[in-house]
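Contents: one structure, followed by commentary.
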Amino acid sequence: MESRYNATEIEPKWQKTWAESETDRTPETPNKSKYYALSMFPYPSGSLHMGHVRNYVITDVIARLKRMQGYRVLHPMGWDAFGLPAENAAIDRGVPPAQWTYQNIAQMRSQLQQLGLSIDWEREVATCSPDYYHWTQWLFLQFFQAGLAYQREAAVNWDPIDQTVLANEQVDSEGRSWRSGAKVERKLLKQWFFKITDYAEQLLNDLDKLTGWPDRVKLMQANWIGKSVGAYLEFPIIGMDEKIGVFTTRPDTVYGVTYVVLAPEHPLTPQVTTSDRKEAVEAFIKEVKNESEIERTAEDKPKRGILTGGKAINPFNGSEIPILIADYVLYEYGTGAVMGVPAHDTRDFKFAKENNLPIQVVIVPEKTNDPGELQNAYIEPGIMVNSGQFDGTSSETGKTKIIEYAEAKGYGKARIQYRLRDWLISRQRYWGCPIPVIHCPSCGTVPVPDADLPVQLPEQVEFSGRGPSPLAKLSDWVNVPCPSCGEPAKRETDTMDTFIDSSWYFLRYSDAKNPDSAFAKDKVNDWMPVDQYVGGIEHAILHLLYSRFFTKVLRDRGLLDFDEPFQRLLTQGMVQGITYKNPTTGKYIPSAEVNPEDPKDPETSEALSVFYEKMSKSKYNGVDPQQVLAKYGADTARMFILFKAPPEKDLEWDDADVEGQFRFLNRVWTQVTEYNSSQTTSSENKELTKAEKDLRRAIHTAIKEVSEDLEGEYQFNTAVSELMKLSNALKEASCKDSPVYHEGIEALVILLAPFAPHLAEELWQQLGHTDSVHHQSWLKVDSNALVVDEITLVIQIMGKTRGTIQVPANLNKAELETYALQSEMAQRYLEGKEVKKVIVVPNKLVNFVVAK
């Protein structure tokens, strides 16, 4: 009876062994090259999902391979443990955030260990631990000392019922608070910022260094930074000394400015509003306050504006133009004002049409002097018209000439501007890293001395979900003496954005237990940059951009010596589950309630739409990793994840394919456990037979192909296919008592080790080895084994295949023709016929063309 691989017995044994062995350590061996393999660390929600499984298995295969290739490997794990869900749990369940978080960490750590991940758990970090956020606070002070951390007023989402600030994710699509249901307002509050704009040019230019990153991620970052080359122009306000400054990338259209628009929050708004327009303007501002930023800037939403009664001068042509305020202009972006050129800007054209504003054409196509009545904005290059002395100038040349003219006249100047805004890092929440500053009436903002770090989160906190941050209510914690002058002062009660924690965690892993500094410079320079980073595409912009920013700032502070944190980036695709949805109601139906052979709504009997979509609790299409591990074991789950799709593509979960991988592993188990090495004959002074040569060629072809698939683009799916081919070659081999077969069995186990570590370890021991398979050197290709002694030559008559023969490899055309003519099928089919032509395709076929 065939033996079977019992994952539930074997996998726990090796999980325990690895946890206690050096397999999961990072030996500080100076004569070995380093390799840093890292997956983006998870939020400790309490349960793994298939996206986690895919992410960490991919990185684990890379880490295991690199160890076997002789590298000293850093493969750590930690927890992005601060954040809003823990506070929500405190409100909803009455459980302290720390307790809830650490319970979830323990649960998820146990789940990860079941996957057989070769993680160095001795370097584990949790961002909510004082041992970690001590150094987050110290790094904040590095930014503060460098002039890169500052406070200013900024618009926030304000819940007028709960009297609290809301994060964007707490505001629904209708602009209402997730908890109170109140219409969210925009309110100005003093907030902390990091001056990421100081590094905009470096962040943009250094994208060229990231040759190991996907092009689409680099493009996303470049677009987010959004470098624009243009002009800063000023429009004097009639009756006032002030001017309205705008930035434009189209200075060539300045003669077509027919109005200017201020953000409702702009400090000049009340000053330019005339008394007869005051009531209407204030009412409009009040309406806009009730709109979120997303609502105000949505492309499909009508743009609303209102005249202030104030007027400005277009200095280029001296015309008076009205000043408006509009909902689509945000004070936080650019100068908080825009010039309206409706003839040559799509948004301005639509706004002008809706508000009956004048439209002045100043650019026309090269071959057209009169564009007629515009049906849409003309936004292409062309020739300047109605532009005074610049008439007839090409618009591209006109951009430079207008800027030169503006600088000469004092109307403006050339400017480079970025879409990137300074990073708002403060949050009015409890469960985050406290900002380590103290506000003193005499000394101003004073940093907490290094000796007093960390500023710890107090434990006795009341969570209501209403009013200011829980920290602001703790008078004993808030009220402290000023570190500088000793006068009564107050702590900062805002905490930091959790993106701060994830912007440097990869540096802490290099020296995770250091009690005296965030990391030692020699250790961070040794391990960094990360050689391979793996994570979701959803982090392509913010997390990666902030991490790059942190690295550059810390470099400039002399704390490390490299420019970029991640050399190579792999953005793995999503795991999708089969999904059932009622097309009429839009309701998702749990798969357990559906017959897959005849998918109908169990309540209405309507035919359901069936498709694959990202696994989600709300769509009832998730697969619990624990159920898969319990039924098949971790190795099967790993093999399926790796085999089903290339890592950067979305993966469709299919139970049949999981079963297929389970059967494959059982076939390997049977091949190895039934192999009896004592029957192997000696190969000493014995030339290999054809069967042995064929098998050895299959072995080394597998080594070559798997090795290539695990480098570069990481084609794990084709690597698994090569393992299957090798298994089949061993199954069909007729030389099972040969040393070559023994070589093939051991090669199969070694090649399988990074993919299915538990099975490989057990089989390696059964082959009589006492050391770990994961300590073996990665196999090298014997190029001699790949040399083909014989080839199969196809014999064709008039293009029709009549058979094949075996002939020596590398024969010339004449020799191939001779062998073909002497073959039995050629003799039979050519008998009595005249051969007019012979076509020879080297090493493939010989085709005889005969007279008809």
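Every number here is computed from the coordinates shown, using simple stated rules; none is lab data. No experiment lies behind these values; they were computed from the predicted model shown. Positions of Cβ are backbone-derived with ideal geometry, glycine not excepted, and every protein chain shown enters the neighbour counts.
Divide by every residue of the chain the summed helix terms, -39500 (n - 2.57) for each DSSP H run of at least 4, and state the resulting mean residue ellipticity at 222 nm, rounded to the nearest 500 deg cm²/dmol.
Result for the chain, helices only: -10500 deg cm²/dmol.
By the gyration tensor of its Cα atoms, with a ≥ b ≥ c the square roots of the eigenvalues, what is the shape of segment 181-265: rounded for a/c under 1.5, prolate for a/b over b/c, or oblate?
Working: a/c = 2.40, a/b = 1.42, b/c = 1.69.
Note, shape of segment 181-265 comes out oblate.
Check cross-link reach from residue 552 to the lysines: straight Cα distance under 26 Å, and skip same-chain residues fewer than eight apart.
34, 195, 209, 218, 227, 513, 521, 523
From zero up to wherever the largest Cα-Cα distance of the chain sits, split into 20 Å bins and tell me the percent of pairs in each.
Once binned at 20 Å, the Cα pair distances of the chain give 12, 33, 31, 18, 6, 0.
Dipole of the chain (Lys/Arg Cβ +1, Asp/Glu Cβ -1, origin at the Cα centre): which of 612, 469, 57 lies farthest to the positive side?
In the chain, that residue is 612.
With the cut-off at 1.5 for a/c, could you classify segment 265-316 from its C-alpha gyration tensor as rounded, prolate or oblate?
Working: a/c = 2.33, a/b = 1.44, b/c = 1.61.
Oblate.
Using a Cα-Cα cut-off of under 24 Å, which lysines could be cross-linked to residue 617, ignoring same-chain neighbours fewer than 8 residues away?
581, 587, 600, 631, 644, 649
With N denoting the number of residues in segment 670-786, provide Rg(C-alpha) divided by 2.2 N^0.38 Å, to two decimal places.
Working it through for segment 670-786, the quotient is 1.03.
For segment 790-850, what does the alpha-carbon gyration tensor say about shape, rounded, prolate or oblate, given a ≥ b ≥ c as the root eigenvalues, a/c under 1.5 as rounded, and a/b over b/c as prolate?
Numbers: a/c = 1.82, a/b = 1.58, b/c = 1.15.
Because a/c hits 1.5 or more and a/b exceeds b/c, segment 790-850 counts as prolate.
Please find the FRET efficiency linking residue 106 to residue 4, where r is the Cβ-Cβ separation and R0 is fixed at 35 Å, and quote it to the nearest 0.05.
Once rounded, the FRET efficiency stands at 0.60.
How far is helix 739-752 tilted, in degrees, relative to the longest principal axis of the Cα atoms in the chain, given as a value from 0 to 90 rounded to the nearest 10?
Approximately 10 degrees, to the nearest ten.
Residue 350: which aspartates and glutamates have alpha carbons under 19 Å from its alpha carbon, excluding same-chain residues fewer than 8 sequence positions away?
Straight-line reach from residue 350, under 19 Å: 295, 299, 300, 327, 373, 380.
What trypsin sites (Lys or Arg not before Pro) does segment 720-814 have in DSSP loop regions with at most 14 other beta carbons within 10 Å?
Qualifying residues, ordered by number: 780.
To test your reading of the geometry: what angle, between 0 and 90 degrees and rounded to tens, separates the Cα axis of helix 716-732 from the longest principal axis of the chain?
10
Cβ neighbours within 10 Å, averaged per peptide: list 688-697, 481-490 in order, most packed at the top. Working shown, then result.
On the way: 688-697: 18.5, 481-490: 14.5.
Per-residue mean Cβ counts within 10 Å order the peptides as 688-697, 481-490.
What is the P(r) of segment 227-418, as percent of Cα-Cα pairs per 5 Å bin from 0?
Distribution as computed: 1, 8, 16, 20, 21, 16, 10, 5, 2, 0 percent.
For segment 670-786, what is the number of Lys pairs with C-alpha distance below 22 angstrom, counting only pairs 8 or more positions apart or on separate chains?
15
Please compute the length gained on full extension between residue 480 and residue 287, using 0.36 nm multiplied by the number of residues separating them and subtracting their Cα-Cα distance.
65.4 nm
Can you count the Lys pairs in segment 790-850 with C-alpha separation below 18 Å, eight or more apart or on different chains?
7
How far apart, in nanometres, would the label points at residue 834 and residue 99 be if each is projected 7 angstrom from Cα along the Cα-to-Cβ direction?
Placing both labels 7 Å beyond Cα along the Cβ direction yields 10.2 nm.
When averaged across all projection directions, what area in nm² does the alpha-carbon convex hull of segment 488-585 cover?
On the way: hull surface 47.6 nm².
Computed as one quarter of the Cα hull surface, the answer is 11.9 nm².
Spin-label point model (7 Å from Cα, Cβ direction): what's the residue 789 to residue 771 distance in nm?
3.3
Based on the Cβ-Cβ distance of residue 439 and residue 92, what FRET efficiency does E = 1/(1 + (r/R0)^6) give at R0 = 45 Å, to the nearest 0.05?
0.85
Measure nothing but the geometry: give the 0 to 90° angle between the long axis through the Cα atoms of 655-673 and the longest principal axis through the Cα atoms of the chain, rounded to 10°.
Between helix and principal axis, roughly 40 degrees.
Residue 595 versus residue 517, label points 7 Å from Cα toward the beta carbon: distance in nm?
A separation of 7.0 nm, rounded to one decimal place.
Explain nothing, just the number: dipole magnitude of the chain about its Cα centre with +1 on each Lys and Arg Cβ and -1 on each Asp and Glu Cβ, in debye rounded to the nearest 20.
I would put it at about 1080 debye.
What length, rounded to one decimal in nm, is gained on full extension from residue 69 through to residue 275, with 0.36 nm per residue of separation minus their alpha-carbon distance?
Stretched out fully, the residue 69 to residue 275 stretch lengthens by 66.3 nm.
Hey, for a label at residue 367 modelled as a point 7 Å past Cα toward Cβ, could you say which residues of segment 382-396 have their backbone N under 17 Å away?
Of the residues in segment 382-396, 382-383 have backbone N under 17 Å from the label point off residue 367.
What FRET efficiency, computed as 1/(1 + (r/R0)^6) with R0 = 56 Å and r the Cβ-Cβ distance, is obtained for residue 728 and residue 222, rounded to the nearest 0.05?
Given R0 = 56 Å and the Cβ-Cβ separation, E is 0.75.
Give, in nm to one decimal, the length gained when the segment between residue 464 and residue 613 is fully stretched (0.36 nm per residue of separation minus the Cα-Cα distance). Please report the intermediate quantities before stating the final value.
Numbers: separation 149, 0.36 × 149 = 53.64 nm, distance 3.63 nm.
Here the segment from residue 464 to residue 613 would lengthen by 50.0 nm.
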